[in-house]
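What follows is a single structure, written as structure tokens, with notes after it.
The values are calculated or read from the model by the stated rules, or taken from the named source; none is laboratory data. Just so you know, these numbers come straight off a predicted model, no measurement behind them. Note that we place each Cβ from the backbone using ideal geometry, even for glycine, and neighbour counts take in every protein chain shown. Calculation scope for accessible area: heavy atoms of the full protein, side chains included, ligands and nucleic acids excluded. Shrake-Rupley method; radii C 1.70, N 1.55, O 1.52, S 1.80 Å.
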Amino acid sequence: MKAIQFGAGNIGRGFIGAVLAGAGYELVFADVVEELLSQINYRKEYVVHVSDHNSYDVTVKGVRAVNSGSDEAVSEIVDADIITTAVGLRILKFVAPTVAKGIIARQEAGIGKPLNIIACENGLRATSQLKELVFAQLPPSTQAWAQQHVGFPDAAVDRIVPPVRCEVPLDVAVEEYFEWDVERSGFCGAVPEIKGMTPVDNLLAYVERKLFTLNTGHATAAYLGKLKGISTIGDCVADPAVLEVVKGAMQQSGEGLVRKFGFDREAHLAYIDKILRRFSNPYLRDECDRVGREPIRKLAPNDRLILPMMTAKSFGLPYDKLLLAIGAALRFDNPQDPQSVELLQAVKTEGLEATIVKYTGIAASDPLIKEIADAYAKVVLI
């Protein structure tokens with residue numbers, strides 16, 4: 001069995017790649033960073049340092065790497081069983097051409113065994129987005145062939161993998177907890193048995209539960225903490241004023257999820273408490289600047305701040321803490337992050353309310369615009 005993991009960064013190595021290797025797959029990384037490719041091909045192994053209340057090391061052996069845009073990557077796809085990605089939603093469009101060429105090569109070679117492609121990204125229906133990008137580059141005959149031989153199951157992934165520097169650059173530090181839920185109906189052929197991957201029937205519920213609980217809380221902590229001059233997520237949730245808003249935002253998001261999907265309320269509250277304990281993991285110093293990066297993407301209509309607020313509002317539920325999170329996101333100031341620079345410049349030149357309309361997709365006539373503007377003013381007092 002062979003797996004190709006697009007993206008050899010910390011998540012690719014420390015989460016998805018490690019799970020696939022542990023399940024017995026021959027693991028091939030595909031990336032564009034030549035130094036990283038060279039290191040993988042020279043060392044052929046790396047260590048995942050689980051840094052949590054239970055700490056231990058897992059060595060991933062026998063790995064190799066190819067340039068993700070090369071003919072070599074296309075050749076690797078010809079006999080692969082599974083392809084995964086951990087590159088970020090914006091980068092999927094650069095992965096798609098290689099995947100499309102690989103599918104064409106499989107058809108030409110008469111490879112009939114199933115290939116399953118899973119985009120392991122923070123976003124709704126990331127694999128479906130990748131499928132659309134791939135199919136746009138396939139001729140009609142190959143599209144028809146791929147419908148029979150290639151699966152594109154959507155997935156929800158959850159593991160905190162901060163950019164901790166290890167003595168060996170290829171090694172990576174992770175928290176112990178992880179969750180990888182994959183849509184059962186999206187697989188082509190039999191669902192592979194991979195320890196650490198859970199096939200599920202109602203994936204959207206799992207995707208939104210994770211995105212609008214962990215990611216909502218993570219972003220809220222980062223944006224509020226940054227405003228208060230706090231540098232790490234752990235220190236954010238140790239601050240009582242920040243913790244009150246973070247937990248409140250997660251609970252308000254959670255009430256919407258309970259109404260929408262019928263989750264057990266007490267079980268979901270316990271899930272929130274578990275996530276807050278993960279945020280306070282003393283072994284992983286996750287920076288607010290990292291977690292808060294790309295605020296424009298995180299203020300999008302279907303992402304971790306706006307959609308939970310709209311969902312709560314649609315059920316007549318409170319959403320004041322989510323408003324504060326949005327207000328803090330609009331103030332995120334990181335000169336090293338192009339989206340932060342763009343967002344702050346828009347507020348300065350176009351005005352706050354126009355900026356809210358521009359990036360959140362909320363209509364200018366909606367009273368929510370004024371509510372968000374009020375939260376923008378209030379959040380500096382926390």
Margin query: Below 10 angstrom from the Cβ of Ser340, what's the summed charge of the other residues (Lys, Arg +1; Asp, Glu -1)?
Written below: -2
Margin query: Among 223-231, 271-279, how do they line up by average Cβ neighbours within 10 Å per residue, starting with the highest?
Written below: 223-231, 271-279
Note to self: At 1.4 Å probe radius, can you tell me the per residue accessible area of the chain in Å²?
What the structure shows: 42 Å²
Check: Between the helical axis of 265-279 and the dominant principal axis of the chain, each derived from Cα atoms, what acute angle in degrees is found, rounded to the nearest 10?
Finding: 80 degrees
Check: Taking the mean number of other Cβ atoms within 10 Å as a proxy for protection, how do you rank 61-71, 14-24 from highest to lowest?
Finding: 14-24, 61-71
Margin query: Pairwise over distinct Cα atoms, reciprocal of the mean inverse distance: report the Kirkwood radius of the chain in Å, one decimal place.
Written below: 21.7 Å
Checklist line | Value of relative contact order over the chain, rounded to a whole percent, pairs C-alpha under 8 Å and six or more apart | finding: 13 percent
Check: Arranged from highest to lowest average of other beta-carbon atoms within 10 Å per residue, in what order do the peptides 80-86, 165-171 appear?
Finding: 80-86, 165-171
Margin query: Explain nothing, just compute: Karplus ³J(HN,Hα) = 6.51 cos²θ - 1.76 cosθ + 1.60, θ = phi - 60°, for every residue of the stretch 210-221 in order, whole Hz, x for Gly and Pro.
Written below: 6, 4, 9, 10, 5, 5, 4, x, 4, 5, 4, 4
Notebook entry, point to check: Stretched out fully, how many nm does the piece from Ala267 to Ala190 gain, at 0.36 nm a residue minus the Cα gap?
Noted result: 24.6 nm
Item checked: Relative contact order for the stretch 181-238, counting Cα pairs under 8 Å that sit 6 or more residues apart, in percent -> 25 percent
Checklist line | Cα pair distances of the stretch 207-326 binned at 10 Å [whole percent] | finding: 15, 50, 30, 5
Check: Ignoring any ligand, DNA or RNA, what whole percent of the accessible area of the chain comes from carbon and sulfur when the probe is 1.4 angstrom?
Finding: 51 percent
Note to self: Report the Rg/Rh value for the stretch 218-289, based on alpha-carbon coordinates and the Kirkwood definition of Rh.
What the structure shows: 1.02
Note to self: At 1.567 mPa s and 4 °C, plugging the Kirkwood radius over alpha-carbon pairs of the stretch 208-259 into Stokes-Einstein gives what diffusion coefficient in µm²/s?
What the structure shows: 119 µm²/s
Check: What nm value, rounded to one decimal, do you get for the distance between Ala109 and Gln137 when each label is placed 7 Å out toward the C-beta?
Finding: 1.7 nm
Note to self: Give me the tail of P(r) for the stretch 42-126 as a percent: Cα-Cα pairs with distance above 20 Å.
What the structure shows: 50 percent
Checklist line | Estimated [θ] at 222 nm from DSSP helical runs (n ≥ 4, -39500 (n - 2.57)) normalised by residues in the chain, nearest 500 | finding: -14000 deg cm²/dmol
Check: Normalised by the number of residues in the stretch 241-382, what is the relative contact order in percent for Cα pairs under 8 Å and 6+ residues apart?
Finding: 27 percent
Item checked: Cα-based Rg / Dmax (Å) for the stretch 254-382 -> 15.7, 46
Next item on the list: Could you work out the per residue convex hull volume over the alpha carbons of the stretch 309-382, in cubic angstrom?
Entry: 91 Å³
Margin query: Give me, ordered by chain and number, the residues 5 or more places off Val164 or on other chains with an amide H under 5 Å from its own placed amide H.
Written below: Ala173
Check: If amide H atoms are built 1.01 Å from N in the plane of the peptide, which residues on other chains or at least 5 residues away come under 5 Å of the amide H of Val66?
Finding: Phe29, Ala30, Asp31
Check: What is the gain in length, in nm to one decimal, between Ala241 and Asn202 on full extension, counting 0.36 nm per residue of separation less the C-alpha to C-alpha distance?
Finding: 10.5 nm
Checklist line | Local electrostatic count, Val164, Cβ distance below 12 Å [Lys/Arg +1, Asp/Glu -1] | finding: -2
Notebook entry, point to check: Quick one: Karplus J couplings for the stretch 351-356, per residue in order, coefficients 6.51, -1.76, 1.60, θ = phi - 60°, nearest Hz, x for Gly and Pro?
Noted result: x, 5, 5, 5, 5, 4
Notebook entry, point to check: Per residue, how much space in cubic angstrom lies within the convex hull of the C-alpha atoms of the stretch 96-178?
Noted result: 133 Å³
Checklist line | Hz values of 3J(HN,Hα) by residue in the stretch 66-80 - Karplus curve (6.51, -1.76, 1.60), Gly and Pro given as x | finding: 9, 5, 5, x, 8, 5, 4, 5, 4, 4, 5, 5, 4, 10, 6
